Amino acid sequence: MLDLARAESPSDFDPVATAKLRAGEIVSRNSRQRTRRVSSRTGARRIINTGLLLQAGLRALLPVHERRGVAAARTPSPNDPKELILAQENYTAVFGSGTEATAAQRATAMASIELAAQQMEKAGYTVLAKR
């Protein structure tokens, strides 16, 4: 499994391994690297949603042969941000098809990853966000 502490190094970033992490693992591993703690429940939810957004985007890009053992996306909640709902629905559609993602599905996945990277950068994970 990918050690996100090492993901700060460009040669160590593995998007397939990262896609296979659960969003909670992404958040907890990143949180250990931070000196500043998330002080509010809203802040913690925002970080978890960023992890879910990144996970959904990366997983939608997995080649068919890499999908073994990857869990289906969770059902979006009505309280989830619309971008997260779209990313999760896209990920579910890609996995449900049993084929490679279409151009439109890849574009949706990339938009999710880019938004997650922007959110990570705002939260202080600048080097990881650039990967």
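The values are calculated or read from the model by the stated rules, or taken from the named source; none is laboratory data. The structure displayed is predicted, hence computed values, not measured ones. We place every Cβ from the backbone using ideal geometry, glycine too, and count neighbours over all the protein chains shown. Heads up: the accessible areas ignore ligands, DNA and RNA and are worked out on the full protein's heavy atoms, side chains in. Shrake-Rupley method; radii C 1.70, N 1.55, O 1.52, S 1.80 Å.
Residues in region 79-93 that are among the charged types (D, E, K, R) and in a helix (DSSP H, G or I): Lys82, Glu83, Glu89.
Note on region 60-76: among residues that are at pLDDT 90 or above and under 23 Å from Glu114 (Cβ atoms), the one that is farthest from the chain's Cα centre (by Cα) is Pro63.
With respect to the conditions (1) crowded, with 17+ Cβ neighbours inside 10 Å; (2) of a type in the set (S, T, N, Q); (3) under 17 Å from Asn49 (Cα atoms), Ser77 falls short on a single one, namely (1). Here Phe95 passes the criteria (1) at pLDDT 90 or above; (2) on the phi > 0 side of the Ramachandran plot except the one numbered (2).
Filtered by the rule that a residue be open to solvent by less than 20 Å² (accessible area, probe 1.4 Å) and either over 15 Å from Ala109 (Cβ atoms) or aliphatic (A, V, I, L, M) (or both), region 80-90 gives Asp80, Leu84, Ala87.
When region 94-131 is filtered for residues that are in contact (Cβ under 8 Å) with a residue 60 or more places away in the chain and either touching a Ser or Thr at 6+ places or on another chain (Cβ under 7 Å) or not in a helix (DSSP H, G or I) (or both), the ones remaining, listed by number, are Ala116, Gln119, Met120, Ala123, Gly124, Tyr125, Arg131.
Quick one: would you say Arg45 is in a helix (DSSP H, G or I), of a type in the set (D, E, K, R), at pLDDT below 95 and at negative phi? Criteria met by Arg45. In region 91-100, the condition of being open to solvent by 60 Å² or more (accessible area, probe 1.4 Å) and of a type in the set (S, T, N, Q) is met by at least one residue.
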